[in-house]
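The values are calculated or read from the model by the stated rules, or taken from the named source; none is laboratory data. Not measured: the values here are computed from a predicted model. FYI the Cβ positions are ideal-geometry reconstructions off the backbone, even for glycines, and counts take in every protein chain you see. When the accessible area is computed, the model is the full protein with side chains, heavy atoms only, and any ligands, DNA or RNA have been set aside. Shrake-Rupley method; radii C 1.70, N 1.55, O 1.52, S 1.80 Å.
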2 protein chains.
Amino acid sequence: MSKHGNFFLENIPLDEAWSRFISALENVGKWNELPGEELPIEEALGRITAQPVWAALSSPAYHASAMDGYAVRSVDTIGAMETAPKRLAITPGGPASYVDTGDPIPAWADAVIMIEHTQHIDEEDGGESIEIHAGVAPWTAIRPMGEDMVATELVLPANHLLKPVDLGALAGCGHATVSVRRRPRVAIIPTGTELVTVEQAALSGLKSGDIIEYNSLVLASQVREWGGIPTRYPIVVDDYELIKSKVFEAAAEHDLVLVNAGSSAGSEDFTSSVVVELGTLLVHGVAVRPGHPVILGMLAGFNTPVIGIPGYPVSCALTGETFVEPLLSQWLGLPRREKPRVQATISRKLLSPIGEDEMVRVTVGRVGQRIVAAPLSRGAGVITSLVRADGIVRIPRFSEGVEAGQEVAVELYRDPSDIERTLVHIGSHDLCLDLLAQFLADAGRRFTSANAGSLGGLMALRRGDAHLAGAHLLDPATGDYNVSYVKQYLPDLPVVLLTFMHREQGLIVAPGNPKGIRDLSDLARDDVRFVNRQRGAGTRVLLDYHLEKLGIKPEKVQGYKREEFTHLAVAVAIQSGVVDCGLGIAAAARALNLDFIPVEKERYDLVIPRTHYESDLLRPLLGLIHGPNLRRAISGLPGYDTTSMGDVVFEG
Amino acid sequence: MSKHGNFFLENIPLDEAWSRFISALENVGKWNELPGEELPIEEALGRITAQPVWAALSSPAYHASAMDGYAVRSVDTIGAMETAPKRLAITPGGPASYVDTGDPIPAWADAVIMIEHTQHIDEEDGGESIEIHAGVAPWTAIRPMGEDMVATELVLPANHLLKPVDLGALAGCGHATVSVRRRPRVAIIPTGTELVTVEQAALSGLKSGDIIEYNSLVLASQVREWGGIPTRYPIVVDDYELIKSKVFEAAAEHDLVLVNAGSSAGSEDFTSSVVVELGTLLVHGVAVRPGHPVILGMLAGFNTPVIGIPGYPVSCALTGETFVEPLLSQWLGLPRREKPRVQATISRKLLSPIGEDEMVRVTVGRVGQRIVAAPLSRGAGVITSLVRADGIVRIPRFSEGVEAGQEVAVELYRDPSDIERTLVHIGSHDLCLDLLAQFLADAGRRFTSANAGSLGGLMALRRGDAHLAGAHLLDPATGDYNVSYVKQYLPDLPVVLLTFMHREQGLIVAPGNPKGIRDLSDLARDDVRFVNRQRGAGTRVLLDYHLEKLGIKPEKVQGYKREEFTHLAVAVAIQSGVVDCGLGIAAAARALNLDFIPVEKERYDLVIPRTHYESDLLRPLLGLIHGPNLRRAISGLPGYDTTSMGDVVFEG
């Protein structure tokens, strides 16, 4: 579309991209550790030693008393017994002299007797003595000079991350300062005419087409966390010359330049051309997903490496992990940070394109004997998929994907011990689950929730993928909820059905109800566009039940086939004006200031296999269900009724 | 000794001490999370949310194009085929309109066609069109409004530690600021007339009796690492009224007061009396070791908790971990930090007193199939035992200790993956091992070394506790080194014997050699005090060999029975004037500016079981032994000869 645009990205395997980058860095002497700078030790916490540190002084610097007591000559104590105590006069020259812990031992002494093992005597001549009832061996209760560190001894190696006790050791052997690696300086240049700062957005709201710029915040925070000093540039509009001048300026003052977005091959993607003009383009397009449109280059003049970082937030953050972190670690002399790994069972089938490594974000929990990894949204624009992720599953580029139930390796973002305190919910979506998660966190439990609809939740229980499933499945034959479904779908799994709450389902419509919708019969109207929930969702079962009662055929409902996966997504579709109404819960309508026409109060239960119901892991959940606090919080939300909360509806 | 001193410490079990402390905190409402403070999000990395955060805006805030391409109505594309393309005119009102990734979709459109799937046509009338060769379904290549976050939705729970992507999510849904927990303010008051700052020590050196104060540095760094704001007070001399006034002042302005040292029950231990006078003494003495003389108290007036922290550096640092960290975590709303744990085999017997929990510092490495934990020095004054520690083994107070080979749980200070890259050396001490460790670190390996003497190293190999053992054992019968010992002590273990270097052994004497010692025959002189090495040390074998050759009986040597465990410890004994000479290596003499009388050039080999010799783990070690860099570094040290480095002396 423009002179700078081209439609072709390379698809270079990750290893190959890295080795091109490293070679280029080596060629200009930039694949080395950064030099050291001398810092006062009290500012050196978390920094990395640039050189080995040798003790400047010994510690202790003299033979020191290890106790409060009396310095003595061991030979003077020989023969002292309970029945035949010895008396030693207290004078600075011996045979006994008081010492506090840490005091130097007098030159004439070679042992210390603990004060508790002596008896103090005031002699008649005005002098003082101690009486002792046992002899002591030479060097008793003495810390010899250099016990901890001997001057000239190695105290810390180079490339050592300084912990609190390390700083103590440095001071203890006489170092008031330490040489630590200079922190790498990283420039972060956000580009894009459509970008606005979050401060602007918070102050004046967003116009259509405005995008809040936060990739530079994520990158700057990553750089800081990995030991670098970030410089966040102000947003640069899509202007080739302007971007070029900013990149040039940044290269002079930084060890690394990150240009965010414009790294693809579209009409306003200037980064590759800028890199070509200012230096060498090494790589344009890496065979990973998310994060394909990555640029690796070397800027001439200052020989500053540059990375063009894709614009989608997930791609951006993962590109930071893949390319920026190892480079900073190299410069800082740190080993590459390896994430902890666990083997897990993937909860559903994932197709993956051949030719690209794919990084799938997953939540992870232990369900019974298995560790289960549940994939999150794969959209590169969904930053919350990274926020919620417990780890990453890599599907290598020569694989077409993984089957449900297959064993996969998960690189964890969190401590493996967190897995053991995680409750895994798969099932119907409800806002109260967020509240429950918050209460559980206070009780030391993590709660992960995957939205698969009521029936999807029962299937997950059958596969052993979840600890519990929220469900609100109406049985048209009986008018009851869930019980008949559990009997039908989980005939062999002993479960407990516990009521969580009742909630109002109804038609969500635009403010003021402009189409004058009164009830479900209006869904058959030609001028009413509806949005449905996905197959297996309890809300869809409810809809089908009522449509049949009203004698309305699904094909008569405009939009019956358009499916959304959550109540809020339905509400958004209405808010944006794309459709006129949808069936959902009152809370979702209230959240987006939409109108709500009640249809039915339905029961929402938690289905819990008995083995989990009786486990330690779920005990805090049952405590919350039966206690007053969660009940009070849910009652405060519009459209909820907690009267039956905690009732056991069925035990199978 | 003074009105404030008493000799009695309590011995309160850890659990009981904690529950007294918590009750006291609860009674004054201080066992709660601290309130929040509102921060700009760019300052919030690593802080903890004080409240749940709900989305202020939806993201995307409108239906957005997921690609660079053309917005179209899906109905207009029906029927387009490779053989029957459709042409759509480009105008802002449709049927086709160009959109960049992220642009809003026009109200009339419901899908986007990727630019790569279109052909641009300049019409004869001056207008422009695209030609398409396939139809698209509704919502193709569109990111619906709220795909990532819907306004009002829960984005982050309370008590959440903010990572880089979390800050992105906060900004993405319209938050320019976030409420995070206030950081706890912790006062650290070092007390002691004998204390000097490290700056003083570095500037003017130490007088006898001076102790460098660094506990406050360690505590301040711990507090910072755990999320608090430390205030390091200047050193306070041992003056009851002065300490009292500082504690009172600190209590007014801090959430917690730490008084370092003076927490025991000696003549200058004022802390307990100060706490009694200013508030309530809850605990004075906890049944843990190191760290027994701990004070827990509550200061009246501001209801500020106070902890009296013992003076020995290891006790101090561990008291921080035991009492300060959990309190800060509680105030910050974080779960108690659990260290990663591994099961390991303890490499030697440990006796432990009944009645106290003991925390033993250990190094940890995997040797073959077993993970081996090797105890470090148990002295509470040896800070380097914490610097070198990979973890802690707790011996509970009702146990008398553990047997060698027993399984123990280790709480790790480092990532469990580090264990897999650790080379475990047990054997003879030499300074070159420090150099080797430094080179190995650059090659991605950790090297831990326990000094057990040459024979001790062979025993460790026999038990399977180490990967390699340094040895310099002279066979008096043959004049050769190590081979006959390996045959005798490791008859069934296939090993490779590799020469590391030759080194000069000799008599270390005071500068100027005041006693005029000429050679080993002088050890029989009445006026010469000697210091020996421990049984099993190669240096001791060498001594015994020469004494026999000279016809000198051990009992004729003054100090034959006084044993030190390292060359440097021998040198320190001479430097301090306690003895006149000892047998050791030239480097140790040089390090402490002592004189050296050569006796023999001995061979120092590395004994390596063949399974380890051939393992990936040890490959970098062999690379270093056979390469030029390590050789060059060792040749640069006085008294070393690397001519035979890497020679295979024996394969068994």
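Observations on the structure shown:
- Some residue of region A:520-535 being under 26 Å from A:Thr643 (Cβ atoms) and either surrounded by fewer than 22 Cβ atoms within 10 Å (Cβ to Cβ) or of a type in the set (S, T, N, Q) (or both): no
- Single condition A:Gly46 does not satisfy, out of (1) closer than 30 Å to B:Ser263 by Cβ; (2) of a type outside the set (A, V, I, L, M, F, W, C); (3) in the same structural domain as A:Ala265 (by TED's automatic domain parsing): (3)
- Pairing residues of region A:297-311 that are among the aromatic types (Phe, Trp, Tyr) with residues that are surrounded by fewer than 21 Cβ atoms within 10 Å (Cβ to Cβ), at Cβ distances under 9 Å and at least 6 apart in sequence or on separate chains, gives A:Phe302/A:Ala252; A:Phe302/A:Glu253.
- Some residue of region B:247-256 being of a type in the set (Gly, Ala, Ser), more than 27 Å from B:Glu10 (Cα to Cα), open to solvent by 20 Å² or more (accessible area, probe 1.4 Å) and within 11 Å of another protein chain (Cβ to nearest Cβ): no
- Every listed requirement among (1) open to solvent by less than 70 Å² (accessible area, probe 1.4 Å); (2) at pLDDT 95 or above; (3) under 24 Å from A:Ser264 (Cβ atoms) is met by A:Gly5 save one, (2).
- Boolean, A:Arg445 is in contact with a helix residue (DSSP H, G or I) (Cβ under 8 Å, 6 or more places away or on another chain) and assigned by TED's automatic domain parsing to the domain that holds A:Glu564: yes
- Among the residues of this structure, A:Val72 counts as one that is at pLDDT 95 or above and either under 30 Å from A:Thr152 (Cβ atoms) or open to solvent by less than 70 Å² (accessible area, probe 1.4 Å) (or both).
- Per this entry, B:Gly205 is counted among residues that are of a type in the set (Gly, Ala, Ser), more than 7 Å from every other protein chain (Cβ to nearest Cβ) and over 26 Å from the mean Cα position of the chain (by Cα).
- Which listed residue is at the interface with chain A (Cβ under 9 Å from one of its Cβ atoms), of a type in the set (Phe, Trp, Tyr) and under 25 Å from A:Gly209 (Cα atoms), from B:Tyr70, B:Tyr62: B:Tyr62
- Of the residues A:Ala317, A:Ala300, the single one that is within 12 Å of chain B (Cβ to nearest Cβ) and either aliphatic (A, V, I, L, M) or open to solvent by less than 10 Å² (accessible area, probe 1.4 Å) (or both) is A:Ala317.
- B:Leu386 vs. criteria hydrophobic (A, V, I, L, M, F, W, C), crowded, with 21+ Cβ neighbours inside 10 Å and in the same structural domain as B:Asn629 (by TED's automatic domain parsing): no
- Of the helices (runs of 4 or more DSSP H) that lie entirely inside region A:164-244, those containing 1 or more residues that are in contact with a helix residue (DSSP H, G or I) (Cβ under 6 Å, 6 or more places away or on another chain) and either farther than 22 Å from A:Ala317 by Cα or open to solvent by 40 Å² or more (accessible area, probe 1.4 Å) (or both) span A:164-172.
- Residues being under 20 Å from A:Ser454 (Cα atoms) and either open to solvent by less than 50 Å² (accessible area, probe 1.4 Å) or in contact with a Pro (Cβ under 6 Å, 6 or more places away or on another chain) (or both) - total across region A:536-558: 11
- Residue list for region B:431-487, restricted to those being of a type in the set (Lys, Arg) and either over 22 Å from the mean Cα position of the chain (by Cα) or crowded, with 22+ Cβ neighbours inside 10 Å (or both): B:Arg462, B:Arg463, B:Lys487
- Cross-chain or 6+ apart pairs with Cβ under 6 Å, region A:431-452 first and at the interface with another protein chain (Cβ under 7 Å from one of its Cβ atoms), then crowded, with 20+ Cβ neighbours inside 10 Å: A:Ala437/A:Phe447; A:Gln438/B:Pro157; A:Ala441/B:Pro157
- Given (1) assigned to a helix (DSSP H, G or I); (2) open to solvent by 30 Å² or more (accessible area, probe 1.4 Å); (3) touching a strand residue (DSSP E or B) at 6+ places or on another chain (Cβ under 6 Å); (4) of a type outside the set (Gly, Ala, Ser), index of the condition A:Ile634 fails: (2)
- Flag for A:Glu564 being touching a residue at least 12 places away in the same chain (Cβ under 8 Å), assigned by TED's automatic domain parsing to the domain that holds A:Val509 and open to solvent by 30 Å² or more (accessible area, probe 1.4 Å): yes
- The set of residues from region A:73-112 being of a type in the set (S, T, N, Q), more than 9 Å from chain B (Cβ to nearest Cβ) and without any contact (Cβ under 8 Å) to a residue 40 or more places away in the chain comprises A:Thr83, A:Thr91, A:Ser97.
- One residue stands out in region B:591-608 among those that are open to solvent by 40 Å² or more (accessible area, probe 1.4 Å) and touching a strand residue (DSSP E or B) at 6+ places or on another chain (Cβ under 7 Å): the one that is farthest from B:Glu504 (Cα to Cα), namely B:Asp595.
- In region A:16-29 there is no residue matching the filter, namely being surrounded by 15 or more Cβ atoms within 10 Å (Cβ to Cβ), within 14 Å of chain B (Cβ to nearest Cβ) and either under 47 Å from the mean Cα position of the chain (by Cα) or more than 24 Å from A:Glu153 (Cβ to Cβ) (or both).
- Taking region A:519-534 as the range and being part of a loop (DSSP other than H, G, I, E, B) and either within 30 Å of A:Leu624 (Cα to Cα) or among the polar types (S, T, N, Q) (or both) as the test, only A:Gln534 passes.
- Any hit, region A:304-311, residues being over 18 Å from A:Gly381 (Cα atoms) and surrounded by fewer than 20 Cβ atoms within 10 Å (Cβ to Cβ): no
Let's see how each residue does on (1) part of a helix (DSSP H, G or I); (2) modelled with pLDDT under 95; (3) more than 22 Å from B:Gly551 (Cα to Cα):
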{"position": "B:Ala441", "(1), (2), (3)": "yes, yes, yes"}
{"position": "B:Gly456", "(1), (2), (3)": "yes, yes, yes"}
{"position": "B:Tyr485", "(1), (2), (3)": "yes, no, yes"}
{"position": "B:Val496", "(1), (2), (3)": "no, no, yes"}
{"position": "B:Phe500", "(1), (2), (3)": "no, no, yes"}
{"position": "B:Ile517", "(1), (2), (3)": "no, no, no"}
{"position": "B:Gly536", "(1), (2), (3)": "no, yes, no"}
